[in-house]
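Engineer: Before anything else, here's the structure in question.
The values are calculated or read from the model by the stated rules, or taken from the named source; none is laboratory data. Predicted model, so just to flag it, every value in this text is computed and none were measured. For neighbour counting, all protein chains shown are included, and Cβ atoms are generated from backbone atoms with ideal geometry for every residue, glycine included. With ligands, DNA and RNA removed, areas are computed over all heavy atoms of the protein, side chains included. Shrake-Rupley method; radii C 1.70, N 1.55, O 1.52, S 1.80 Å.
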Amino acid sequence: MVRTSRDPLLTLNALRQAIWAVDRNVSLTLTGRLEDYIRTFSYAEPRFTLLLLAVFAGVGLVLVAIGVYSVIAYTVSRQTHEIGIRMALGAGRGDVFAMVLRMVRR
């Protein structure tokens with residue numbers, strides 16, 4: 001870090017040449033003003049928090065979808081004999097679907 005009285009971006013080339021005159025293997029990284037650096041990384045925590053919240057919300061949504069599917073599949077597997085009899089007696093797809101939804105809501 002270097003403190004200047006002028007704009008740091010104007011003194012960057014002179015500073016780079018002075019450092020390389022001492023040691024050519026030194027690399028300069030994150031060159032710029034301190035205000036820009038702070039502004040860039042001050043939003044990192046809220047952004048990370050939002051990303052973490054989105055990941056957990058997505059995982060929760062997937063778990064809920066799997067749970068609903070498993071309850072419906074279990075209900076239908078327990079009622080296959082009844083569904084077969086109702087369809088043999090003339091019940092349509094809509095009637096069977098409504099029956100399955102009524103059983104799931106219980």
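Engineer: Nearest 20 debye, what's the magnitude of the dipole of segment 1-61 about its Cα centre given +1 on Lys and Arg Cβ and -1 on Asp and Glu Cβ? Before the final figure, lay out the partial values.
Structural biologist: Working: 7 positive and 5 negative charges, 31 e Å.
With Lys and Arg at +1 and Asp and Glu at -1, about 160 debye.
Engineer: What size of dipole, in debye to the nearest 20, comes out for the chain about its Cα centre when the only charges are +1 on Lys and Arg C-beta atoms and -1 on Asp and Glu C-beta atoms?
Structural biologist: Taking the Cα centre of the chain as origin, the dipole is about 260 debye.
Engineer: On the protein heavy atoms, probe 1.4 angstrom, tell me the percent of accessible surface of the chain carried by carbon and sulfur.
Structural biologist: Its accessible area is 64 percent carbon and sulfur atoms.
Engineer: Over the Cα atoms of the chain, what Rg and Dmax result, in angstrom?
Structural biologist: Rg, Dmax (Cα atoms, Å): 33.0, 95.
Engineer: On a 0 to 90 degree scale, rounded to 10, what angle separates helix 12-22 from the longest Cα axis of the chain?
Structural biologist: It is inclined by approximately 70 degrees.
Engineer: Return one whole number: the accessible area per residue of the chain in Å², for a 1.4 Å probe.
Structural biologist: That works out to 88 Å² per residue.
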